[in-house]
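This report refers to the structure that appears directly beneath it.
The values are calculated or read from the model by the stated rules, or taken from the named source; none is laboratory data. Fair warning: this is a prediction, and the values are worked out from it, not measured in the lab. Positions of Cβ are backbone-derived with ideal geometry, glycine not excepted, and every protein chain shown enters the neighbour counts. Keep in mind that these areas ignore ligands, DNA and RNA; they rest on the heavy atoms of the full protein, side chains included. Shrake-Rupley method; radii C 1.70, N 1.55, O 1.52, S 1.80 Å.
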Amino acid sequence: FRRVLFRSEVEFDKNLREINYGILNGVYTIEREEIFPDFRKCYSDITIKFPEGESFADVIERIENSLKAAARKYKGENIAISSHGRALVSFLNKKFGLNIFRIDNCDYAQLIYDDETDDFEPVILPKN
């Protein structure tokens, strides 16, 4: 009989949060159109910021920086990171040229970090 113990530390990284929709945070889609009629442009052009918020390009950069920092900190270890779906999908789509619409709750993406290139290898996604 062999007993396996896991070391588990929980750290909070504010850079893994959801996109800041600015004045549109918490507002339903139909209301977003009334407040900011061009809000859909923020989805088609990732450099456009939501009013008083951030752009998807901002999100992608902060997610990637946080993932790399965690990979460097825990070099050689397996780590689990949790983030919001839209933020993670934006990163995966841009980084790996994917076209994912959403990731379901409790889904995962496996990333492998290469410290020599300071980059991630192609992503492994769960099968639907």
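Things to note:
- Looking across the range 102-114, the residues that are assigned to a loop (DSSP other than H, G, I, E, B) and surrounded by 15 or more Cβ atoms within 10 Å (Cβ to Cβ) come down to Ile103, Ala109.
- Residue in the range 18-29 that is of a type in the set (S, T, N, Q), touching a residue at least 24 places away in the same chain (Cβ under 8 Å) and touching a Phe, Trp or Tyr at 6+ places or on another chain (Cβ under 8 Å) present: yes
- Among residues of the range 38-50 that are among the aliphatic types (A, V, I, L, M), those with a beta-carbon under 8 Å from a residue that is assigned to a loop (DSSP other than H, G, I, E, B) and at pLDDT 95 or above at least six positions away or on a different chain give the pairs Ile46/Ser55; Ile48/Ser55.
- Any hit, the range 93-101, residues being surrounded by 11 or more Cβ atoms within 10 Å (Cβ to Cβ) and under 14 Å from Leu16 (Cα atoms): no
- Subset tally (residues that are crowded, with 16+ Cβ neighbours inside 10 Å, aromatic (Phe, Trp, Tyr) and either at pLDDT below 95 or in contact with a strand residue (DSSP E or B) (Cβ under 7 Å, 6 or more places away or on another chain) (or both)) for the range 51-91: 1
- Taken over the range 115-128, residues that are loosely packed, with under 14 Cβ neighbours inside 10 Å and part of a loop (DSSP other than H, G, I, E, B) amount to 7.
- Residue that is most open to solvent (accessible area, probe 1.4 Å), among those in the range 8-46 that are part of a loop (DSSP other than H, G, I, E, B) and hydrophobic (A, V, I, L, M, F, W, C): Phe12
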